[in-house]
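K.L.:
Structure in structure tokens, see below.
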């Protein structure tokens, strides 16, 4: 087999299909953006997710033959996932009060669906297996390396099955500590953690997300991890960073998911804004998100200060972020620490590059909050206190010297950890070096 030592053939094994432009998978697209399409293939579980264009040269979607009782799984899957999926935002949302019965029905359905999925029993009963069709797909593509992230029992197991069958090395990368919270409290959680350990041990390239996670994983698994970060091109923001910001009204902007109860931070911000003196002037809160959680309180849906809009495309983000008066980066104080302790927001580096004042609001143990406190690239409120939130928000609106200091720190951090040219080169060298070593 002839190896392309600059761009090896990579088989990506991940649940969500990667598109050229989609609301997720930004990390994958930036790391592999220089790869020829015909050197990328993917095995995934989703049908046609939001987004456009094909990122990989070929794709294989899990079929009924790839799971035990696969036919039954397909019939049940749609109903369960409709219970837990957020209500999609495709245009600016205009809502009125939610009926009591309708609201409770959504919450009950979501709780039932969450239990079925979060217990892991789903993945144990309908376990993934290596079918003849999948084997043919892998054999025809002839990959040099498997890239995977895990996140479920099936997708923590499948890369090892493929690696064992075809003797292909594995690159494992994760952006949060999913082994610590997935299926937590259920027997299947033990099975998942055992599978995660086997996957980490099998991998020859191991990538953690940020230095905090790197240190934790080295201690936990007893093997070496490299630290990686989200990447982007700061040149995309040139021409937007000096936007003239209208003072009437001020605009607080958040872009990203409001899952994991992040909407609580937006509720707090609205309460803090309402306490500001009238002399500050009107303030709008714009939330650009992929969907609205079914259990989100109606008080936020009907708040006149808040607008819910669809996520901007990757190309639209620089202008959306740079036109904000303040950028909000929230985490909830009421989710289990393991969900957010090592994760860094996918928007943090984009906020840094925008040149706008950033307000990070969440518990100190959050990976995003800790990253902001260490780097000094945002104003941080690390306790749930509306008065502190009000004071810091007001400071960001009015203190130019404070904002200039934050902006300088953001530029330093973005250049050190998030520059796409440097980060992409380092990632490619890690992959190619490992492939060459394995193949001799």
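Values in this text are rule-based calculations from the coordinates and carry no lab data. Since we're looking at a predicted model, the values are computed, not measured. Cβ coordinates were reconstructed from backbone atoms using ideal geometry, including for glycine residues, and neighbour counts include every protein chain displayed.
K.L.:
Could you work out how much longer the chain between residue 21 and residue 433 gets when fully extended? Use 0.36 nm per residue separation minus the Cα distance between them, nm to one decimal.
P.N.:
Residue separation times 0.36 nm, minus the Cα-Cα distance, leaves 145.4 nm.
K.L.:
Return the distance in nm (one decimal) between the two label points of a simple spin-label model at residue 204 and residue 373, each offset 7 Å from Cα along Cα→Cβ.
P.N.:
Placing both labels 7 Å beyond Cα along the Cβ direction yields 4.1 nm.
K.L.:
Can you put 59, 413, 65 in order, fewest other beta carbons within 10 Å first?
P.N.:
Starting with the residue having the fewest Cβ neighbours, the order is 65, 59, 413.
K.L.:
For residue 278 and residue 333 in the same chain, what is the full-extension length gain: residue separation times 0.36 nm, less their Cα-Cα distance, in nm?
P.N.:
16.9 nm
K.L.:
I've got another one for you. Could you tell me which of rounded, prolate or oblate describes region 235-418, using a ≥ b ≥ c as the square roots of the eigenvalues of the alpha-carbon gyration tensor, with rounded for a/c under 1.5 and, failing that, prolate when a/b is larger than b/c and oblate otherwise?
P.N.:
rounded
K.L.:
So, in nm, how far is label residue 220 from label residue 58 when the simple model puts each one 7 Å beyond its Cα toward the Cβ?
P.N.:
Each label point is offset 7 Å from its Cα along the Cβ direction, giving 3.5 nm.
K.L.:
Quick one: 386, 331, 341, 364, fewest Cβ neighbours within 10 Å first, how do they rank?
P.N.:
Lowest count first: 364, 386, 341, 331.
K.L.:
Given R₀ = 22 Å, what would the calculated FRET efficiency be for residue 307 paired with residue 404, taking r from the Cβ atoms and rounding to 0.05?
P.N.:
So the FRET efficiency works out to roughly 0.15.
K.L.:
What shape does region 155-229 take by its C-alpha gyration tensor, where a ≥ b ≥ c are the square roots of the eigenvalues and a/c under 1.5 counts as rounded, a/b above b/c as prolate, and the rest as oblate?
P.N.:
Judged from the Cα gyration tensor, region 155-229 comes out oblate (a/c at least 1.5, b/c at or above a/b).
K.L.:
Measure off 7 Å from each Cα along the Cα-to-Cβ vector at residue 197 and residue 426, then give the distance between these two points in nanometres to one decimal.
P.N.:
3.0
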